[in-house]
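Worksheet: one structure, shown below.
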Amino acid sequence: MFGNLSDRLSDTFKNLRGKGRLSDSDIDATLRDIRRALLEADVALEVVKDFIAAIRERALGDEVSKALNPAQQVVQVVNEELTKILGTENHKLQFAKSPPTVIMLAGLQGSGKTTLAGKLAKWLKDQNQTPILVAADLQRPNAVTQLQVLGEKVGVPVFSPEPGNGVGDPVDVAKKAIAHAKKSQFSVVIVDTAGRLGVDEEMMQQAIGIRDAVSPDEVLFVVDSMLGQDAVNVAKAFKDGVGVTGVVLTKLDGDSRGGAALSVANVTGAPILFSSTGEGLDAFEPFYPDRMASRILDMGDVISLIEQAQRTFDQEESQKLADKIANEEFTLQDFLEQMQQLRKMGNMKNLLGMLPGAGKMKQQLEDFDESEISRTEAIIRSMTPVERNMPRVLNGSRRLRIAKGSGTSVNEVNQLVNRFEQAAKVMKTMSKGGMPNIPGTNPVQMGGSVGGGYIGGKKKDKKKKGSKSGNPAKRAAENQGLSFNAQSETKSGSAFGIQN
Amino acid sequence: MFKFLKRLRSSKQESTSQAEPELVAEPPVVAEQAASPVIESPVKPLEPAKVPLPEPEVHAEAAEPEPEPEAKAPEPASAAASEVEPELVAVELPKRSLGTGIRSLFSENFDVDDLEDILILADFGVETAEEITNQLKSVAQKQGASSDAELRLLLKDLLVERLSRNDSSLNLDDGKLPYVILVVGVNGAGKTTTIGKLARWLKDGDWEVVLGAADTFRAAAVEQLATWAERSGARLVKPAKEGADPAAVAYQTVELAIQAEADIAIIDTAGRLQNKKDLMDELGKIRRAVEKQAKISEVLLVIDATNGQNAMSQAKAFAEVAEVTGIVMTKLDGTAKGGILYALQKELDLPIKLVGVGEQVNDFAFFSPEEFAKGLVARK
């Protein structure tokens, strides 16, 4: 439906290629596209306006017009400006000079405060702090119970003198909590508060009451990364109300582009400290501005992808596999296992979508048939162990049996075997040090991704292995006139080759 | 307002038929839960006319808006003989409205040139904002409307016209009891609160409600729903332990609803982001578990009005996997306008059915394009 920014820009830039200078109208067209892309990514309108003004100024300057490739330079500028708003480095939590450090969480209903409190407590505990959680959300039914359960899970005590569900005074609880923490020598106090609307004055007053009672070192504003245009109003209300010293973005594991991050950072002027990226209590990490910039621009998030792969793929398994490939021992059984591992990472479409420039193949992505993989699985599962390990024993009658067993046709079985053999060859070359080439990757993306790629040198190998699982998609890809290699490598996460 | 068919309950205890085992578990709250199945030709019980009603106005209208009843007749006839058709009654739900929940788009006078930006700010999305603005401009020009009041009225009419559709009622009128509602959505959208409010609303309308706590994942989600069940006097089916199979809970919920001759079963599910394949697949499993015993009347997707354009991606994914039949917009009482609902209805052809406009149990209503549009163009 919505084209993304890289799509739009590549289209715009197509016309600019070879031009030594950008005309004013070129720039206008480009800026219009950028504006739209940012709005579609839920960046707030007023922020977009300021942003576009800043880009225009720079785009008209020498920096761009004299650049060798003005088009790419524009993207570079956009990326830089985005990163500027989001912050250039990851900030650290402010700890009090004399403990306990008090952290207060505030935000809208459903933004993920209570879950975040649990994650933060765990994170602090892992850093040898002694945190205590304070249940000051006495509003939402069983928020207190939820915090207690979380506390138990992460092994952090919870201060909850009041039962909640409308009973008790949160300001009072907060006061007592600080006294308790001092007495029992906890190093960090995390105060969970009720969700509140920015316009709810009574509730905002209550938040201010809690703040004054605990005088926090950090007031963390917890923001749902799916927030829309309202992010500006909400951020203003919290900034002017309870005050904000830091921002936490939640639900970043979703597919929202997270434009809210930009709006909130711009309005509050507070650094984004953390991002929360999953339902597990470990899914919590420092915020990386550069990655967020790429995400908003839909330049793909290669580093995240690599990390996701890293989580899913077992390091040792991968090494074994790498050896197998190098020694030509890679079998259909391994192929099957790889495919299953890759599946664990989630929906193929989404995985592919994380890669830079994947926007270009949106149509192919849309058409990509996940059930193709299931069919491939079925075929392999219908083979005997011998057949899986030595595909060359597959004669006509065996193939017929397999086709019947898997509910496919002999033709499909043939295709799979052929593709497998081809792929095995390709992988072998790659595993012997051949890097897949990187055509047409633009400098900005490279800036974002090369580092990650390097850090993940090992991972890249894994990725190649993963690419085997691209095979089943081949037919689908071919049907769409898409080259198999491009697709499989994409999937493998090395991201390269997808451009052309 | 909308009319629904529910079980007719008389206050006097009637003996249940021999085919039906006597109920063991009585709900803790409602003392006089008298089941009154009538053994009769299955074709007839749907005639609302023969029903002695507390609300007299139902007779004439009830038959009309619901074309289903006669289509349904052959089915029970062929079904097992032991099936006893409940006597049905057409009812409305107690009146609820958006009230003053919706905030106006305009802080000052209406200027057509600002409209696009204003709509973008209300999360209508760039494309929709452009489209509505152009439309309004051309209509205004044709009609020579230029004053603030005229433009507001035009915009209101335009929105009402585009937002109105005839499937925005809840599918609780085919008489196949118990109705089953599955509530799905991303984390923090307000599913459990929505269920609490809906349960209370139905209870106020004298429906027998069973709630199923199939969010077995989030800490204390079951307790949260339990609190709502208590507040609304609904029965609750809980998982045996944390992390239990949500499909099993869903199955048991329907089972209890059938046993207890409840009118409706509402199943809460764990929040899930739409790009988590495994979790999304789980919804399919829950669906299948429910469908073993009853058909699913509604799959309600709960969307947080403060969410921006991502709501579209949510709706698409959930529609595909969970076969969503309607959308609930929550948190419309904030500064967020939920403009994305316009695009949701247009692009995905999914009706907005309910809206949440506050934290109180009664802050909940059917979506009314009229009220919504009026709120948006209101003068402060």
Which value in nm describes the separation of the simple spin-label points at A:LEU60 and B:LYS137, placed 7 Å from the Cα toward the beta carbon? 2.4 nm
My understanding is that a pair violates if its Cα-Cα distance is over 23 Å; which of A:LYS239/B:LYS197; B:LYS3/B:LYS176; A:LYS176/B:LYS331 do that in this structure? A:LYS239/B:LYS197; A:LYS176/B:LYS331
Over the stretch B:84-212, one equal point on each Cα, no solvent: what is log10 I(q)/I(0) by the Debye formula at q = 0.12 Å⁻¹? -0.72
Can you compute log10 of I(q)/I(0) for the stretch B:229-283 with the Debye formula, treating each Cα as one identical point scatterer, at q = 0.15, 0.22, 0.26 Å⁻¹? -0.51, -0.92, -1.09
Could you work out, residue by residue across A:146-152, how many beta carbons of other chains sit within 10 Å of that residue's beta carbon, and then give the average as an integer? 3
B:ASP113-A:GLU46 FRET efficiency (beta carbon distance; Förster radius 22 Å; 0.05 resolution): 0.85
Using just the Cα positions, wrap the stretch A:45-194 in a convex hull and report its mean projected area in square nanometres, one decimal place. 12.6 nm²
Residues B:PHE4, A:PHE51 in order from fewest to most other beta-carbon atoms within 10 Å are A:PHE51, B:PHE4
Cα gyration tensor of the stretch A:78-123 - equivalent ellipsoid semi-axes, whole Å, descending: 26, 18, 9
So if I take the centroid of the Cα atoms in the stretch B:291-350 and the same for the stretch A:202-226, what is the distance between those two points in Å? 30 Å
Footprinting exposure proxy for B:THR133, A:THR245, A:THR114 (fewest neighbouring C-beta atoms within 10 Å first): A:THR245, B:THR133, A:THR114
Simple SL model, points at 7 angstrom along Cα→Cβ for A:SER25 and B:ASP206; separation in nm is 7.2 nm
Using 26 Å as the Cα-Cα cut-off, could you pick out the over-long pairs in A:LYS97/A:LYS125; A:LYS251/B:LYS285; A:LYS84/B:LYS191; A:LYS84/B:LYS346; A:LYS113/B:LYS346? A:LYS84/B:LYS191; A:LYS84/B:LYS346; A:LYS113/B:LYS346
How long is the stretch B:273-323 along each principal axis, judged by its Cα atoms, biggest number first, in Å? 37, 23, 13
Based on the alpha carbon coordinates of the stretch B:182-301, what radius of gyration and maximum Cα-Cα distance (Dmax) apply, in Å? 12.9, 39
Residue by residue through B:189-198, how many Cβ atoms from other chains fall within 10 Å of the Cβ on average? 2
Report, in listed order, any pair from B:LYS95/B:LYS238; A:LYS92/A:LYS236; A:LYS49/A:LYS119 with a Cα-Cα distance greater than 25 Å. B:LYS95/B:LYS238; A:LYS49/A:LYS119
Percent RCO, i.e. relative contact order, over the stretch B:172-279, from Cα pairs under 8 Å lying at least 6 residues apart: 43 percent
Suppose the chain between B:PHE2 and B:LYS285 were pulled fully straight at 0.36 nm per residue; how much longer would it get relative to their current alpha carbon spacing? 98.7 nm
Packing-wise, with mean Cβ within 10 Å as the measure, how do B:265-275, A:393-403 rank, highest first? B:265-275, A:393-403
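Computed from the coordinates by the stated procedures, all read-outs in this text should not be read as laboratory data. What you are looking at is a predicted structure, and each value in this text was computed from that prediction instead of being measured. Reconstructed Cβ throughout: ideal geometry from the backbone, glycine too, with neighbour counts over all protein chains shown.
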